[in-house]
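Read the figures in this text as sums done on the coordinates, not as results from a lab. Values in this document were obtained by computation on a predicted structure and should not be read as measured data.
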Amino acid sequence: MTFPGMRLMHRDQRGVTFVELMLAIALAGIVTAGITMTFAHVFSGSTRTSNHMTAVRQVQSAGYWVSQDALQAQNVTPDAGPSGFPLTLTWEWDGTSNEVTYELQGTNLLRDYNGQGTVIAQFIESIEVEPRPYYDGKLTFTVTATLGEQSETRIYEVQPRPAPDD
């Protein structure tokens, strides 16, 4: 039984030629390659951007904590080594002595406040205190974080409060 209009090919048509088939496959391949390259570019760009933003946030975290403690510090004691780390900051408030020590262990920056150590930043490649921490009365330190191929460096200058007169 045949239905009218169901016949797609007429008796004198032969179908698709080999050249037409090859052309359709080539076009589909070009479109697929373009889409694949676009996705690859978006994903690799997203990874780079994510790594850079993570490095920026880690540098900001390190700068924030060291700056906040340096603002309160009455005494800043950098290590005698070339980096100035570990860095010890001390102050007295309402008769209570406070001490914060910053130390770089691997790529983690540790903040030890009165015996309680906390990781405050990761992926830190280097952190250095200027050789003269009180040059112009400022504590100057440089923080660099690296994640993958992305790196971020910032320089911080902090004016610690003066030590009390004895």
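Stretched out straight at 0.36 nm per residue, the stretch from T153 to T32 would grow longer than its current Cα-Cα span by 39.5 nm. Taking 0.36 nm per residue of separation and subtracting the current Cα-Cα distance, fully stretching the chain between E99 and V16 would add 21.5 nm.
On full extension, the segment bounded by N114 and M53 gains 18.8 nm, given 0.36 nm per residue less the C-alpha separation. As a size descriptor, the averaged projected area of the C-alpha convex hull of the stretch 74-146 was calculated at 5.2 nm².
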